[in-house]
Amino acid sequence: MILVTGATGAVGREVAGLLAGAGPLRILARRPERVSVTGPAVDIVAGEYGDRSSLDRALRGVGAAFLVTNSPAEPDDERFAAAAKAAGVRHLVKLSMMAVEEPGADDFITRRQRENEQAIRESGVPWTFLRARTFMSNTLSWAPGIHSEGVVRALYGTSPVACVDPRDIAEVAVRVLTEPGHEETAYALSGPEPITAEQQTAQLSEVLGRPLRFEELGLDRARDHLFGRYPRPVAEAFLESAERQRAGAKAGVVPTVLELTGRPARPFRTWAADHAGAFRPVAA
């Protein structure tokens, strides 16, 4: 039995979808009604990381688990790893971030991810870390501006990032969850090329067949937006991350997707074409 968490998110949904037809699959979800993956061998369990009894129920009989956590404040990785250890889970695959292995990254979110990885190491459960670069799907946040104005707004337009398709992360995750020999290993995952927000905007324009304009947010506007939406440490972390990207720290490409799946990582243009409907206005 494999357990998947985060099945309503960009990566977890893809992992669950790939595993649904392969054998017994259990999904832990805080809101089970939002889980779209179904099948005769799929068991959906309601629960959350702060509720140990729900973790115990979800992990009963599980051999391997895919872990996605999002809260920078709660010790969810530690909670899950402790429950996994008690349940006899033999392999814990955690979705992490590439920045944890980069000495220049010292923002709040990166520090917390390092602490989360360490908690899993110390739990005694055999682990694998999937350290992913920025998700291509993050550009879905541009959809409202594209719908209403044909405009993409972001902090820096010319800073490159080797963003990765969540489907590629999911295929690696499934390989790691279902094959032996990946324990105590951390895999860095990137897309096939660095790309800027201006270039992404141009490719979206071509895919959609309509003109799009990129508008660079000034630092003050970006700061106001982030501080109005997130707690201060998180907002500051996003700003620090943007500065690192501007300096080229996120442009490096790694061949892990090819090495583990046997095919190259998908470029942004492919992701954009496959998700073009999300950027098209909804018909009245």
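The values are calculated or read from the model by the stated rules, or taken from the named source; none is laboratory data. Keep in mind that what you see is a predicted model, and the values were worked out from it rather than measured. With ideal geometry, Cβ positions are generated from the backbone for all residues, glycine too; neighbour counts draw on all protein chains shown.
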Top-ranked residue of segment 133-166 - restricted to ones that are surrounded by 22 or more Cβ atoms within 10 Å (Cβ to Cβ) and of a type in the set (D, E, K, R), ranked as farthest from ASN116 (Cα to Cα): ASP165
Residue satisfying condition, being of a type outside the set (D, E, K, R) and touching a Lys or Arg at 6+ places or on another chain (Cβ under 9 Å), within set LEU208, LEU212: LEU208
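So which residues in segment 43-60 are in contact with a helix residue (DSSP H, G or I) (Cβ under 8 Å, 6 or more places away or on another chain) and not charged (D, E, K, R), if there are any at all?
In the first step, residues of segment 43-60 are kept if they are in contact with a helix residue (DSSP H, G or I) (Cβ under 8 Å, 6 or more places away or on another chain); the result is 44-50, 52, 55-56, 59-60.
Within segment 43-60, ILE44, VAL45, ALA46, GLY47, TYR49, GLY50, LEU55, LEU59 meet the criteria.
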Which listed residue, of VAL207, VAL253, VAL176, VAL234, is among the β-branched types (Val, Ile, Thr) and in contact with a strand residue (DSSP E or B) (Cβ under 7 Å, 6 or more places away or on another chain): VAL176
Residue in segment 218-237 that is nearest to the chain's Cα centre (by Cα), counting only those that are crowded, with 16+ Cβ neighbours inside 10 Å and either under 22 Å from ALA278 (Cβ atoms) or of a type in the set (D, E, K, R) (or both): GLU236
One residue from THR261, THR256, THR270 being of a type in the set (Ser, Thr, Tyr) and over 30 Å from PRO180 (Cα atoms): THR270
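For segment 9-49, what are the residues that are hydroxyl-bearing (Ser, Thr, Tyr) and within 18 Å of PHE80 (Cα to Cα)?
So the first thing to find is which residues in segment 9-49 are hydroxyl-bearing (Ser, Thr, Tyr), and the list is 36, 38, 49.
Within segment 9-49, TYR49 is the sole residue that qualifies.
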Residue selected from segment 25-76 under the condition in contact with a Gly (Cβ under 6 Å, 6 or more places away or on another chain) and modelled with pLDDT of 95 or more, by the criterion nearest to VAL89 (Cα to Cα): ALA58
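Just for segment 50-68: of the residues that are touching a Leu at 6+ places or on another chain (Cβ under 8 Å) and touching a residue at least 60 places away in the same chain (Cβ under 8 Å), which one is nearest to MET1 (Cα to Cα)? Before the answer, list the steps.
Step one: list which residues in segment 50-68 are touching a Leu at 6+ places or on another chain (Cβ under 8 Å), which gives 54-55, 58-59, 62, 64-68.
Add one more test, that the residue is touching a residue at least 60 places away in the same chain (Cβ under 8 Å), and what stays is 62, 64-68.
Working: VAL62: 5, ALA64: 7, ALA65: 9, PHE66: 11, LEU67: 14, VAL68: 18 Å.
Here the answer is VAL62.
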Residue within segment 6-22 that is farther than 25 Å from HIS275 by Cβ and assigned to a loop (DSSP other than H, G, I, E, B) present: no
Listing of helices (runs of 4 or more DSSP H) fully contained in segment 136-210 that carry 3 or more residues being farther than 26 Å from ARG280 by Cα, touching a His at 6+ places or on another chain (Cβ under 9 Å) and touching a residue at least 40 places away in the same chain (Cβ under 8 Å): 166-178
